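Contents: one structure, followed by commentary.
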Protein chains: 2
Amino acid sequence: MLPTLHLQKDNALPLYWQIYWQLREAILAGQLPAGTRLPASRNLAKTVKVARVTVTQAYEQLQAEGYVVSHVGAGTFVADDVGLAKRESNAAPFHPVLSTWGERALAAQGKTGQSTRLQIDFGFGRSFPHIFPYNIWRRLLARYLSVDDVMLSRYGSTAGFMPLRQALADYLGRLRGVPCKPEQVVIVNGAQQALDILARLLLSQEDEVLVETPGYAAAFDLFRTHGAKLVSLPVDEEGFPVERIPANSRARLVFVTPSNQFPSGGTMPLARRLALLQWARQRDALIIEDDYDGELRYDGRPLTALQGLDEDGRVVYLGTFSKVLFPALRLSYVVLPPALITPFTQAKALVDRGAPTLTQAAVSDFITERHFERHLRHLRHSYGQRRQVLVEAVKRYLPDLVCRSNTAAGLHVMLYLPPHMDEAEVVRRATAVGVGIYPGAPYHLEWPSPPSILLGFSGLTEVEIEEGIQRLATTLAK
Amino acid sequence: MLPTLHLQKDNALPLYWQIYWQLREAILAGQLPAGTRLPASRNLAKTVKVARVTVTQAYEQLQAEGYVVSHVGAGTFVADDVGLAKRESNAAPFHPVLSTWGERALAAQGKTGQSTRLQIDFGFGRSFPHIFPYNIWRRLLARYLSVDDVMLSRYGSTAGFMPLRQALADYLGRLRGVPCKPEQVVIVNGAQQALDILARLLLSQEDEVLVETPGYAAAFDLFRTHGAKLVSLPVDEEGFPVERIPANSRARLVFVTPSNQFPSGGTMPLARRLALLQWARQRDALIIEDDYDGELRYDGRPLTALQGLDEDGRVVYLGTFSKVLFPALRLSYVVLPPALITPFTQAKALVDRGAPTLTQAAVSDFITERHFERHLRHLRHSYGQRRQVLVEAVKRYLPDLVCRSNTAAGLHVMLYLPPHMDEAEVVRRATAVGVGIYPGAPYHLEWPSPPSILLGFSGLTEVEIEEGIQRLATTLAK
């Protein structure tokens, strides 16, 4: 009645586990009915040619989990309860009933990953691996990886590692025009998490949110899953057109990228910034300023943030290390107005328990020991040159394509195509010659959107950039 | 009319930035009204004793941000728009109107951090720093920190680093009785994030959720903020009492800790597991199995998971590295039934963009190169001994306190006090003699709850444990 046991001595699984598992499966399948007496361990050991202790261990595991019961002197028997395991054969597999949020999340377009390997990929939001000082980074990580440091053996603070929050408050105040106290700085696992927490805290069904078009598609998806209604204003060379906010707008939340409009480029000048703040004050609205790459400006110093002009605590500033250190770091920060510190920190504690301490400690030292400012100078130089090469190659080989922004900044360029061109077709043709470029449509909220493409330059060498644009020009000329 | 500029040459701020900032503040404050002509750069440079290029840089920054306009030949003038900056003096500071979720998050009790430094702190969920092989960890991290490795310069996969998902699927199938494909394994930033995403996907207002009491308080908070109604069943030595689920229960979600009930200890035997699965099948319910420390069993091998008995995809398995590697790592994983893979991954992409790749790569190698299993053996030995010392010290010095569970497992022990004792008073007395112990009330949903305390042993040496229990006994005897 006992099934034949198949034991493999060279298997990574211990022998006792193999015996346990095969008996367990036989019991669950009903091959060994309740009350069946298992062979004495001595006998089974002899049959399958293992040490007796091996069988004993298997029986102990079965007993600990309730598959068998052992009666002293009488032996080991399959437990009574196991009959339940026989499953009704007609039971349907589980199919979840999703919440409203769940249905919306499922419907969101999501991030479409480029899966084809391309020779020259103008993917954006990447960093160039040869620029980052990995040797310094290794040294900073190693500093905390010792048994003398108990920091890692405890849960960190939900709001972030305090020395990092201090280093950021100092850096942001000095160089980004974001005056703040360390308590206002909260570390998050990427800017997307900060947006999600803000949306959950602040948005109710049918609330209006003012956004830019083209704009940051992942934020659109997020606001929509919270049941918000997006009201979009088409940006121009000076970013978000505050003066075109409808007079009857009910919005109490605005999402903008003032330093370098995403993805079209362009900078909000002082006048528009002040007008936006005034509008927000009149409507008691909150402004989310996404400064995703504010450090990366190439024909002058970075511009200071909108947040620094805010006098009554209605700007939330989002910053990230994804662009200026490396994307796989997954570390961003948010500077909160005083009234939002407690709600945000409470929410953050509920939804996860904070970012990894080791990474935060290393970033903190990277900033305070001035590696960060040195690295930024290096980045500005390298990326500025790459952008220059890209813009000049486009002028030379693709004179019909227009870059609307003149701001030398960021990690990509958005090009508007002549109206008769089909952007999907342009992307397909580029792919066919091994060049990865990205359609502009997902970032536009108006439909049909003006045909446009996005080209990131931060993951490529200058030679690759030039070569890529040449290939693109050749294939479009066909 | 120009304010006196105070420049500090030994300041970390560049001189041009100091000039820029002081002029900007003067303009915003209305000290330099619109149309004011700034001194020629040559003159200002002479006055404040800096190079002319320094002043030019400051003027360029002011111009780039729209504070001033420059007319060739005529000079630099404060821009017209700046009048807007004058704030209505009676504007109230921003005060956010929170969503329903936001209000609930604010009301949640949150994690109360122990802030006092205690000589002997029985804090739980810690790891003992001297056990973790930091030298191996350093080596694994360093392996990926080189310029040849482009992995870190790109965004990782939202669902997790594939080699880690493969390593986990293999490990879980072999040693935890959790058969699964790598696609079912999704990496999350802590188990709390997995719970949050599941709650968002599955819970609607007024939904019932079945939970254990005492139980995992952070999950209670989370389910409540989603508007769910908690229905709790008091656990016994065998965990969640399935047979006591009310016949009229509307619940379609159950949260349980079958391998080692949190926080009271005890293990759900096979019969209850099968009964729970049968109940879930009949009610079309989903079971969340939180296996937060399933690896840490000391008087036998770890028990296999409930998930392995599930035949129709209605168990979600949560596992974490916080307890078995180190808490500050912030890395957990979820094994999803097939029907939940797409909704969960979509939701994860919306709420953040995945866990740090470097950490995931290092953990992946840590598992596949067998350091993990070796480390687990080491942990079981060390923690098993510590638990033994704690349990024996309690028996000797505190015979009135009862540990209900006989399972030698986990990282803490829960002790029930005699009914006449006040747990808050016991905690206070312990604190007064430098001993940190933790009240059981926050984990109980019934009120008044039976007086109890929690003692973690994983952050202390055996000598400290013995000493701590002696001190506790002395202070309670007074």
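The values are calculated or read from the model by the stated rules, or taken from the named source; none is laboratory data. Since the structure is predicted, the reported quantities are computational estimates derived from the model, not experimental observations. A quick note on method: Cβ atoms are made from the backbone with ideal geometry, for glycine too, and the neighbour counts reach across all protein chains shown.
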**Message:** Going residue by residue through the range B:399-422, is there one that turns out to be within 22 Å of the chain's Cα centre (by Cα) and hydroxyl-bearing (Ser, Thr, Tyr)?
**Reply:** no
**Prompt:** Can you tell which of B:Ala393, B:Ala361, B:Ala424 is outside any strand (DSSP E or B), in the same structural domain as B:Ala217 (by TED's automatic domain parsing) and of a type in the set (A, V, I, L, M, F, W, C)?
**Reply:** B:Ala361
**Complete:** Considering residues that are surrounded by 24 or more Cβ atoms within 10 Å (Cβ to Cβ) and within 19 Å of A:Phe223 (Cα to Cα), the number found within the range A:289-301 is 3
**Message:** I'd like the full set of residues that are in contact with a Pro (Cβ under 9 Å, 6 or more places away or on another chain), over 26 Å from A:Gln307 (Cα atoms) and small (Gly, Ala, Ser), limited to the range B:46-80.
**Reply:** B:Gly75
**Message:** Would you confirm whether or not the range A:111-121 contains a residue that is part of a helix (DSSP H, G or I) and either closer than 30 Å to B:Val316 by Cβ or more than 8 Å from every other protein chain (Cβ to nearest Cβ) (or both)?
**Reply:** no
**Prompt:** Do we find a residue being hydroxyl-bearing (Ser, Thr, Tyr), modelled with pLDDT under 95 and under 27 Å from B:Tyr134 (Cα atoms) anywhere in the range B:405-414?
**Reply:** no
**Number of the exception - B:Ala228 against (1) within 21 Å of A:Ala347 (Cβ to Cβ); (2) away from chain A (no Cβ under 11 Å); (3) surrounded by fewer than 23 Cβ atoms within 10 Å (Cβ to Cβ)** = (2)
**Prompt:** Inside the range B:23-69, can you point out the residues that are among the small types (Gly, Ala, Ser), in contact with a Gly (Cβ under 7 Å, 6 or more places away or on another chain) and either within 14 Å of chain A (Cβ to nearest Cβ) or assigned to a helix (DSSP H, G or I) (or both)?
**Reply:** B:Ala34, B:Ala64
**Prompt:** Among the residues of the range A:87-110, how many are more than 7 Å from every other protein chain (Cβ to nearest Cβ), modelled with pLDDT under 85 and over 15 Å from B:Arg281 (Cβ atoms)?
**Reply:** 1
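Name the single residue, out of those in the range B:302-330 being over 16 Å from B:Pro179 (Cβ atoms) and touching a helix residue (DSSP H, G or I) at 6+ places or on another chain (Cβ under 6 Å), that is surrounded by the fewest Cβ atoms within 10 Å (Cβ to Cβ). Steps first, please.
Going through the range B:302-330, the residues over 16 Å from B:Pro179 (Cβ atoms) turn out to be B:318, B:320-330.
From what is left, the residues that are touching a helix residue (DSSP H, G or I) at 6+ places or on another chain (Cβ under 6 Å) are B:318, B:320-321, B:326, B:328.
On the way: B:Leu318: 24, B:Thr320: 26, B:Phe321: 22, B:Phe326: 26, B:Ala328: 26.
Per the criteria, the residue is B:Phe321.
Any residue at all in the range A:282-289 that's among the acidic types (Asp, Glu) and in a loop (DSSP other than H, G, I, E, B)?
Taking the range A:282-289 as the starting set, the residues that turn out to be among the acidic types (Asp, Glu) are A:284, A:289.
So of that shortlist, the ones also in a loop (DSSP other than H, G, I, E, B) come out as A:284.
Yes: one or more hits.
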**Fill in**
Scanning the range B:144-182 for residues that are in a helix (DSSP H, G or I) and among the basic types (Lys, Arg), the one farthest from the other protein chains (Cβ to nearest Cβ) turns out to be B:Arg165
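Kindly indicate whether any position in the range A:363-372 is closer than 30 Å to A:Arg281 by Cα, at pLDDT 90 or above and more than 22 Å from the chain's Cα centre (by Cα).
Within the range A:363-372, none of the residues are closer than 30 Å to A:Arg281 by Cα, at pLDDT 90 or above and more than 22 Å from the chain's Cα centre (by Cα).
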**Item:** Pairs with Cβ under 6 Å, 6+ apart, first in the range B:1-25 and under 19 Å from B:Asn43 (Cβ atoms), second part of a helix (DSSP H, G or I) and of a type in the set (Gly, Ala, Ser)
**Value:** B:Pro3/B:Ala26; B:Tyr16/B:Ala58; B:Ile19/B:Ala58; B:Tyr20/B:Ala58
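Would you mention how many residues in the range A:199-217 are in a loop (DSSP other than H, G, I, E, B), small (Gly, Ala, Ser) and within 18 Å of A:Gly265 (Cα to Cα)? I'd like the intermediate steps shown before the answer.
Of all residues in the range A:199-217, those in a loop (DSSP other than H, G, I, E, B) come to A:203-207, A:214-216.
Next, only the ones that are small (Gly, Ala, Ser) stay: A:204, A:215.
Subsequent filtering for residues that are within 18 Å of A:Gly265 (Cα to Cα) retains A:215.
Here the count works out to 1.
Just give me the residues in the range B:331-351 being more than 8 Å from chain A (Cβ to nearest Cβ) and in contact with a helix residue (DSSP H, G or I) (Cβ under 8 Å, 6 or more places away or on another chain), in sequence order. Spell out the reasoning first.
First, the residues of the range B:331-351 that are more than 8 Å from chain A (Cβ to nearest Cβ): B:332-336, B:341, B:344-345, B:348.
B:Ser332, B:Tyr333, B:Val334, B:Val335, B:Leu336, B:Ile341, B:Phe344, B:Lys348, listed by residue number.
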**Prompt:** Has the range A:272-280 got at least one residue that is more than 9 Å from chain B (Cβ to nearest Cβ) and assigned to a helix (DSSP H, G or I)?
**Reply:** yes
**Asked** Restricting attention to the range A:290-313, which residues are over 16 Å from B:Ala79 (Cβ atoms), modelled with pLDDT of 90 or more, part of a loop (DSSP other than H, G, I, E, B) and in contact with an Asp or Glu (Cβ under 8 Å, 6 or more places away or on another chain)?
**Response** A:Ala305
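Test A:Ser322 against the criterion of being within 20 Å of A:Glu295 (Cα to Cα) and either assigned to a helix (DSSP H, G or I) or more than 10 Å from every other protein chain (Cβ to nearest Cβ) (or both), and give yes or no. Can you show your working first?
Numbers: within 20 Å of A:Glu295 (Cα to Cα): yes; either assigned to a helix (DSSP H, G or I) or more than 10 Å from every other protein chain (Cβ to nearest Cβ) (or both): no.
So A:Ser322 does not fit the description; no.
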